[in-house]
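Since the structure comes first, as structure tokens, the remarks are kept for the end.
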Amino acid sequence: MVILLKTVQVVLALSLLVIIHEFGHYSFAKLFKTRVEKLYLFFNPKISLVKFKKFGGRTHVKFFSSNDDPTWAEHPENTEYGIGWLPLGGYCKISGMIDESMDKEAMKLPPQPYEFRTKKAWQRFFIMFGGVFFNFILAMVLYGAILHHWGEEYLRNEDAVYGIAVNDLSYEMGFRNGDRILAFDGVPTEDFSQLQVDMVRSQATSATVLRDGDTLTLSLDPLYIPAVLNTPGMFSPAFPFVVDGLTENSVNEGSELEKGDRFVAVDGKEMFLVPDIRTELRNHKGGQITASVERVQARVDLPLKVDTAGMIGVALDGDLRHFFEITTNRYTVAESIPAGISKTFRTISNYVKELGLIFSPKTKAYKSVGSFIAIGRIFPDTWDWYRFWSLCAWLSIMLGVLNLLPIPALDGGHIIFLIIEMLTGHKASDKTMEIAENVGIILLLALMVLAFGNDIRSLF
């Protein structure tokens, strides 16, 4: 059931993003009176699930029909709309344009005024940029709607008053429990949850931390970047050890522990933070401790057992609202518009930095490149509209930025040729474009092999 739900979310999200992207090309093509032959969601080799086209004064619809339809071919001036059976994207076929369809026969015919190739360079530029532009507009709309409907909540880094809880990797890099991270390479992070992301995204070489009242500068070895990319949870907020209840089959079942008990000492040693107490418990595996807890302004000493894993069998109160001031922002409709635009541009900037990691061999970030399988994993196991629309906005930006890569088969490749043409006044020949398109397709296939290979390796 979980796999089915994730599949539905992926298909719905990518279908929305693809059709918006292709509609961007379509809209600018129509604006400049360029003929659009087909606009399809999904690909349709040989047959289409459904297609419709207007001619003869009415709209004609066909289901599960062959692509070879002589009657429809008699009306090339009208766009054919449809849904294919191969759910790997979609396309907008524009007359007189060398694209992945590689329709060489059509390109041999004399240029027509309604074709892409006869339009001015700046018009062709906007037709090609239209898909990316619409993806970014969609992200702005979605982020604005999300901020208006749900607002945003986050823990400010400066409000994480107990500092960080480290894992093995962050400890090895020099961080310690209780450190308050002030900045990476002199740049502060506002959102505590983005500390690890900001560190790796900027490939930081130093961290400024506050430890026991002193400000220290830690040198960060770039050789750790691959490990950081594959080790989530390097910086968790340290918070007080407060009992929410006993776990099932707890070694301390029947003890006097109560919900709400706040640990303040273990065996007489003052400590109250979760990471410190967990470290101390590991020193008493299979033994017993005396825990001092605060309960309704009273201090109580309780004998507790410690299992062989160094655990006392309690569930902790993990609601950060009980320990920190959580920043909450609410937006009116008027406020959500600029906020959505601002969030989109920040996300674009951040994603460009992340792409820089992928193209930097020393980071080994290319090993994290994924396909539809990886995308499916980021969707939740249950239906959550907030997560769904947030992921749609992020994926829309990802699709837009990736399409701007200077690979000939992508929009970015065509745009590069158009920019050169506008600067030099010389248009690339059809033969050059055909060769570039073939090279681009090979590069894209190589990226797909890498992505699926990474996903398959991660399954084992």
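Apply the Debye scattering formula to region 117-156, with a single equal point scatterer on each alpha-carbon and no solvent, then give log10 I(q)/I(0) at q = 0.17, 0.19, 0.20, 0.35 Å⁻¹.
Reported log10 I(q)/I(0), two decimals: -0.60, -0.65, -0.68, -1.02.
Sorted by mean Cβ packing within 10 Å, highest first, what order do the peptides 259-267, 293-301 take?
Packing order, densest peptide first, comes out as 259-267, 293-301.
Placing +1 on the Cβ of each Lys and Arg and -1 on the Cβ of each Asp and Glu in region 184-227, which of L210, S193, I225 has its Cα farthest towards the positive end of the resulting dipole?
Towards the positive end, the residue furthest out is I225.
Enumerate the calculated ³J(HN,Hα) couplings along region 278-287 in order (Karplus 6.51 cos²θ - 1.76 cosθ + 1.60, θ = phi - 60°), each rounded to whole Hz, writing x wherever the residue is Gly or Pro.
4, 4, 5, 5, 5, 7, 10, 4, x, x
Calculate the tail of P(r) for region 7-152: the fraction of all Cα-Cα distances greater than 25 Å, expressed in %.
Within region 7-152, distances greater than 25 Å cover 35 percent of Cα pairs.
Can you find, among S66, P113, P76, the residue sitting farthest towards the positive end of the charge dipole of region 1-136, where Lys and Arg contribute +1 and Asp and Glu -1 at Cβ?
P113
How high is the relative contact order of the chain? Use alpha-carbon pairs under 8 Å, at least six apart in sequence, and give a whole percent.
Relative contact order of the chain: 17 percent.
Just the accessible area per residue of the chain, please: how many Å² with a 1.4 Å probe?
53 Å²
Ignoring ligands and nucleic acids, what accessible area does E253 show with a 1.4 Å probe (Å², nearest 10)?
Approximately 140 Å² of E253 is accessible to the 1.4 Å probe.
Could you state the principal axis extents of the C-alpha atoms in region 187-322, from the largest down, to the nearest angstrom?
Each principal axis gives a Cα extent; for region 187-322 these are 51, 31, 25 Å.
In Å, what is the Rg of the alpha-carbon atoms in region 138-184, and how long is Dmax?
Rg and Dmax of region 138-184, Cα atoms, are 16.4, 42 Å.
I want to check the label-to-label distance for D301 and S193. Put each point 7 Å from Cα in the C-beta direction and report it in nm to one decimal.
4.2 nm
How large is the helix-only mean residue ellipticity at 222 nm for the chain, computed as the sum of -39500 (n - 2.57) over DSSP H runs with n ≥ 4, divided by its residue count, in deg cm²/dmol to the nearest 500?
About -13500 deg cm²/dmol.
Roughly what angle does helix 2-31 make with the longest principal axis of the chain, taking Cα atoms, 0 to 90 degrees, to the nearest 10?
Compared with the principal axis, the helix lies near 40 degrees.
Please sort 172-184, 130-142, 225-237 by packing, taking for each peptide the average over its residues of neighbouring beta carbons within 10 angstrom, highest first.
My ranking of the peptides, most packed first, is 130-142, 172-184, 225-237.
With point charges of +1 on the Cβ of Lys and Arg and -1 on the Cβ of Asp and Glu, referenced to the Cα centre of the chain, which listed residue (M271, V242, I348) lies farthest in the positive direction of the dipole?
I348
How far, in degrees from 0 to 90, does helix 385-403 lean away from the longest principal axis of the Cα atoms of the chain, to the nearest 10?
The angle comes out near 50 degrees.
Give the residue list of chymotrypsin sites (Phe, Trp or Tyr not before Pro) in region 303-359 that are DSSP loop and have at most 12 other beta-carbon atoms within 10 angstrom.
F359
Ranked from the most accessible area to the least, with a 1.4 Å probe and all protein chains present, what is the order of R330, R156?
Largest accessible area first, the list is R330, R156.
Nearest 10 degrees is fine. How inclined is helix 333-358 to the longest principal axis of the chain, computing both from alpha carbons?
So the inclination is approximately 90 degrees.
In whole percent, how big is the carbon plus sulfur part of the accessible area of the chain, probe 1.4 Å, protein atoms only?
On the chain, the fraction of accessible area on carbon and sulfur atoms equals 61 percent.
What Rg and what Dmax come out for region 1-76 when only alpha-carbon atoms are used, in angstroms?
Here Rg and the maximum Cα pair distance are 15.5, 47 Å.
Which value results when the Cα radius of gyration for the chain is divided by 2.2 N^0.38 Å?
Compared with the compact-globule rule of thumb, the chain sits at 1.26.
The values are calculated or read from the model by the stated rules, or taken from the named source; none is laboratory data. Bear in mind the structure is a predicted one, so any value in this text is a computation, not a measurement. Positions of Cβ are generated from backbone atoms using ideal geometry, with glycine treated the same way; all protein chains shown enter the neighbour counts. Note: accessible area is taken over every heavy atom of the protein model, side chains too, but ligands, DNA and RNA are not part of it. Shrake-Rupley method; radii C 1.70, N 1.55, O 1.52, S 1.80 Å.
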